[in-house]
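Enquirer: Right, I'll just put the structure down here and ask away after.
The values are calculated or read from the model by the stated rules, or taken from the named source; none is laboratory data. From a predicted model like this one, the values you see are computed outputs, not experimental measurements. Virtual Cβ from ideal backbone geometry, glycine too; neighbours counted across all protein chains shown. Ligands, DNA and RNA are stripped out before the accessible areas are found, and what is left, the full protein with its side chains, is counted by its heavy atoms. Shrake-Rupley method; radii C 1.70, N 1.55, O 1.52, S 1.80 Å.
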Amino acid sequence: MALLEDKKMSKEIFTLALPAIFEMLLHTLVWTFDTGMVGRLTPEAISSVTLGAQIMFTVSNVFGALGVGTTAMISRNIGAMNTERAEKVAVQALSLGIIISMIVGSVGIIFSKNIFYRLVDDIEVVKLGTEYLRIVFLGAFFLIPTMIGNSILRGAGNTYIPMISAATANIFNIVGDYVLIFGKFGFPRMETKGAAIATGFGQVVGAIITFYYLFRKNPYIQVRIKNLFKFNGETLNSLVNLSFPAILEVFMNEGSRLVSSFWIAQLGTIAYASHSITVAAESISFMPGYGFAIAATTLVGQNLGSKNVDRAEKSVKASTYYAILLMGIVGMLFFIVPYPIMRLFSSDKDTVLLASKCLRIGAFEQIPTAIGMTLSGALKGAGDTKGPFRISLITNFLVRLPLIFLIVYVFKLPLIYIWIATNIQYLVEAILMYIRYKKGSWKEILIN
């Protein structure tokens, strides 16, 4: 009986995790293909696109973290068989997301030039980056609501539609990259501007697919258009209270990466380009951790909703095991063959050589990252969004940022030491997440 139950659970985990892994892989390919294709241009082009993309996606991810509370509330209500309540949460979350996206997109477009002027000294990077950022911020009007819409679906146990949305969006983006960056099939050669247009258009396509499914009758959960922007104070308050720590957590994580990127840019164009393409390669390795974190979030929420704490714990244990296994394999590849991997991202020999050294060091981050991501997802699924935020606060302000500042400005060490510092950060994060999870207070959290 236990074996059958374990098989059933494994099937549930992979049913949720695999589409989520593929979805995030495809989202990451937006950045990866932009970086890889622009990498055929100049180091200035690489720097402008990667920095611009990081700014826009940092802002979008911060506000898209509203989806964390959304997933927790919906999964809990789905587990309790309260579909009506789940749908009320969904419409509140999506309405709030649309309003936020309008504000974020407008502010980003207006202040793009000011942002780049304050961040870099290279005039060419400022020029290219400003143009890129203005265009991709148009995509924020669609990206943030899409992220929240996909969180709604995941909470209801549907990870396939978010995957299909991402797949279709990326097909348009990848084709658009090739055609517009290099001027193929009669289109003008637009280089960095072409990369921005392709990315923005892909986001619009993804939004159409997610919204189409959410607004039509389906077996999982439905958002009724007539109920949009009809806010309920109690539901909205619960949603914001759950999501706000998650928003702060993403802000800490993404913000610290953004700040450290600005500092790393002081090491020179080649160093920054090498760092950027290494991050692009490594980001693909995080996909298993992301997928199994999604599975843990959904299953913990649904099992707590149905009052089955034991099964919630088993789902976390199994999800963490699978994440460690897959990310450990990726880490081995990073350590054994870093140079061929980095050659996929740039044709500049010096950039690739330095990036290969960084990727080999990054191989040791894989298992701690798998543990940290999956346990963080489990805690959030239970409604414990404050714990991961506090851990993020510690690892960013007491580990990552101080170490990188010392490396760049005090000891003036080369780029590879930055990657040693991030190894330390992820290890500390994994330890703290494990301690938080083992305390077990997440089992007692009540969600309306």
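Enquirer: Enter the accessible area of Ile367 (Å², nearest 10), with the probe set to 1.4 Å and all protein chains included.
Expert: Ignoring ligands and nucleic acids, Ile367 comes out at about 80 Å².
Enquirer: Moving to a separate point now. Leaving out ligands, DNA and RNA but keeping every protein chain, what accessible area does Val240 have, in Å² rounded to the nearest 10, with a 1.4 Å probe?
Expert: 60
Enquirer: Continuing with the same structure: To check my understanding: the extent here is largest minus smallest coordinate of the Cα atoms along each principal axis. What are those three numbers for the chain, in Å, largest first?
Expert: Extents along the principal axes, in whole Å: 57, 45, 35.
Enquirer: Just to be sure I understand the model, the point goes 7 Å from the Cα along the line to the Cβ. What's the resulting Val175 to Arg216 distance in nm?
Expert: 2.1
Enquirer: Could you work out how far apart the two model spin labels at Tyr117 and Lys438 are, taking each label as a point 7 Å from the Cα in the direction of the beta carbon, and quote it in nm?
Expert: For the pair Tyr117/Lys438, the computed spacing is 5.3 nm.
Enquirer: Can you order the peptides 346-352, 439-445, 381-387, 57-63 by their average number of other Cβ atoms within 10 Å per residue, highest first?
Expert: 381-387, 57-63, 346-352, 439-445
Enquirer: Still on this structure, please answer the following. Efficiency by 1/(1 + (r/R0)^6): what FRET value for Ser306 and Lys230, r their Cβ-Cβ distance, R0 = 35 Å, to the nearest 0.05?
Expert: 0.75
Enquirer: Taking the convex hull of the alpha carbon atoms in the stretch 84-160, what volume per residue do you get, in Å³?
Expert: In the stretch 84-160, the Cα hull volume divided by residue count equals 97 Å³.
Enquirer: Also: Using all C-alpha to C-alpha distances in the stretch 206-268, build P(r) with 10 Å bins and read off the rounded percent in each one.
Expert: Bin by bin from 0 Å, the calculated values are 16, 23, 31, 18, 10, 2.
Enquirer: With charges set only on the Cβ (+1 for Lys and Arg, -1 for Asp and Glu), what does the dipole of the chain come to about its Cα centre, in debye to the nearest 20?
Expert: Result for the chain is approximately 780 debye, rounded to the nearest 20.
Enquirer: If you count only protein heavy atoms with a 1.4 Å probe, what accessible area per residue comes out for the stretch 244-356, rounded to a whole Å²?
Expert: Heavy-atom SASA per residue in the stretch 244-356 reads 38 Å².
Enquirer: Using every Cα-Cα pair within the stretch 276-336, state what percent have a distance larger than 12 Å.
Expert: Tail fraction, whole percent: 68.
Enquirer: Calculate, for Gln266 and Arg40, the FRET efficiency according to 1/(1 + (r/R0)^6) with r their C-beta to C-beta distance and R0 41 Å; round to the nearest 0.05.
Expert: Rounded to the nearest 0.05, the efficiency is 0.95.
Enquirer: Quick one: pull the percent of accessible area on the stretch 6-142 belonging to carbon and sulfur, 1.4 Å probe, ligands and nucleic acids left out.
Expert: Within the stretch 6-142, the accessible surface is 66 percent carbon and sulfur.
Enquirer: Among the listed pairs Lys7/Lys438; Lys88/Lys317; Lys7/Lys314; Lys127/Lys193; Lys8/Lys307, which have their C-alpha atoms separated by more than 20 angstrom in this model?
Expert: Pairs exceeding 20 Å: Lys7/Lys438; Lys88/Lys317.
Enquirer: Could you sort the peptides 417-429, 273-285 by per-residue average Cβ neighbour count (10 Å cutoff), highest mean leading?
Expert: The packing order, highest mean first, is 273-285, 417-429.
Enquirer: Relative contact order of the chain, please, whole-number percent, based on alpha carbon pairs below 8 angstrom and at least 6 residues apart.
Expert: Across the chain, relative contact order equals 22 percent.
Enquirer: Mind jotting down a quarter of the surface of the convex hull over the alpha carbons of the stretch 215-337, in square nanometres, one decimal?
Expert: Orientation-averaged projected area of the Cα hull: 12.2 nm².
Enquirer: Of all accessible surface on the stretch 355-448 at a 1.4 Å probe, what whole percent is carbon and sulfur?
Expert: 70
Enquirer: A further question follows. Once the whole set of protein chains is in place, how much accessible area is left on Glu124, using a 1.4 Å probe, in Å² to the nearest 10?
Expert: Roughly 80 Å² of Glu124 is accessible to a 1.4 Å probe.
Enquirer: What is the pair-distance distribution P(r) of the stretch 70-205, computed from all Cα-Cα distances in 10 Å bins starting at 0, with each bin given as a whole percent?
Expert: All Cα pairs considered, the percentages come to 13, 30, 30, 18, 8, 1.
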